[in-house]
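See below for the structure under consideration.
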Amino acid sequence: MTTPEFIREIRASAGHRLLLLPGVTAVVFDDRGRVLLGRRSDTGNWSVVGGIAEPGEQPAETAVREVYEETAVRCVPERVVLVQMLEPVTYPNGDVCQFQDITFRCRATGGEARANDDESLEVAWFDVDAMPPLEPFALDRIRRALRDEEPTWFEPAPVLAE
């Protein structure tokens, strides 16, 4: 995965210290109810589309941009599915990041699904009952995105003592 220039600039002064980064995940459905998945070039695993927001970019814009950059599919975000602080990740080079993920349910509006950059080996539409093996991260987001009337999910806040 290509590290955005603004992250490289921060790393120049922050070193490997923990960076809190805004992440966006897009669960995209077509008019037949199929879900868009990409097979990641870094792990070889199938997953939903996601990425890091750029400075000044609204989360919904990030979802649209990432979906197009990675899959050549145009989409419209329909609703926020969940907001979640993920566990910190330490990369092989020692960099530590923690992502705050905002997941959107999106509707495809055009384009032909294909690997559109070097982040995906393959891109394809799947019936939700015939998906390839997926990590719990992707499965949970797809499951929640399928629930049309469910409110946005988030981790409950602890109750503070008086």
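Taking segment 20-53, which residues are in contact with a helix residue (DSSP H, G or I) (Cβ under 7 Å, 6 or more places away or on another chain), part of a loop (DSSP other than H, G, I, E, B) and not aliphatic (A, V, I, L, M)?
None; the set is empty.
When the residues of segment 44-96 are narrowed to those that are without any contact (Cβ under 8 Å) to a residue 40 or more places away in the chain and of a type in the set (D, E, K, R), which ends up most open to solvent (accessible area, probe 1.4 Å)?
Checking each candidate, the answer is E87.
Tell me which of these R114 doesn't satisfy, since it passes every other one: (1) assigned to a loop (DSSP other than H, G, I, E, B); (2) free of Cβ contacts under 8 Å to residues at least 40 places away in the same chain.
(2)
Restricting attention to segment 4-22, does a residue exist that is within 18 Å of M131 (Cβ to Cβ) and either in contact with a Leu (Cβ under 9 Å, 6 or more places away or on another chain) or surrounded by fewer than 16 Cβ atoms within 10 Å (Cβ to Cβ) (or both)?
Checking segment 4-22: not a single residue is within 18 Å of M131 (Cβ to Cβ) and either in contact with a Leu (Cβ under 9 Å, 6 or more places away or on another chain) or surrounded by fewer than 16 Cβ atoms within 10 Å (Cβ to Cβ) (or both).
Looking at T103, T109, can you tell me which residue is closer than 16 Å to G23 by Cα and not aliphatic (A, V, I, L, M)?
T103
When segment 1-19 is examined, which residues are found to be under 20 Å from M85 (Cβ atoms) and part of a helix (DSSP H, G or I)?
I7, I10, A14
Can you name the condition, by its number, that P136 falls short on among (1) loosely packed, with under 14 Cβ neighbours inside 10 Å; (2) without any contact (Cβ under 8 Å) to a residue 40 or more places away in the chain; (3) more than 14 Å from the chain's Cα centre (by Cα)?
For P136, the exception is condition (3).
Restricting to segment 117-147, count the residues that are at pLDDT 95 or above and assigned to a loop (DSSP other than H, G, I, E, B).
So the answer is 8.
For segment 35-54, name all the residues that are farther than 26 Å from E149 by Cβ and in contact with a Phe, Trp or Tyr (Cβ under 6 Å, 6 or more places away or on another chain).
Listed by number, the list holds a single entry, R39.
The values are calculated or read from the model by the stated rules, or taken from the named source; none is laboratory data. These figures come from a predicted structure and were not determined experimentally. No Cβ is skipped: glycine too gets one built from the backbone with ideal geometry, and neighbour counts run over all protein chains shown. The area values use the complete protein model at the heavy-atom level, side chains included, leaving out ligands, DNA and RNA. Shrake-Rupley method; radii C 1.70, N 1.55, O 1.52, S 1.80 Å.
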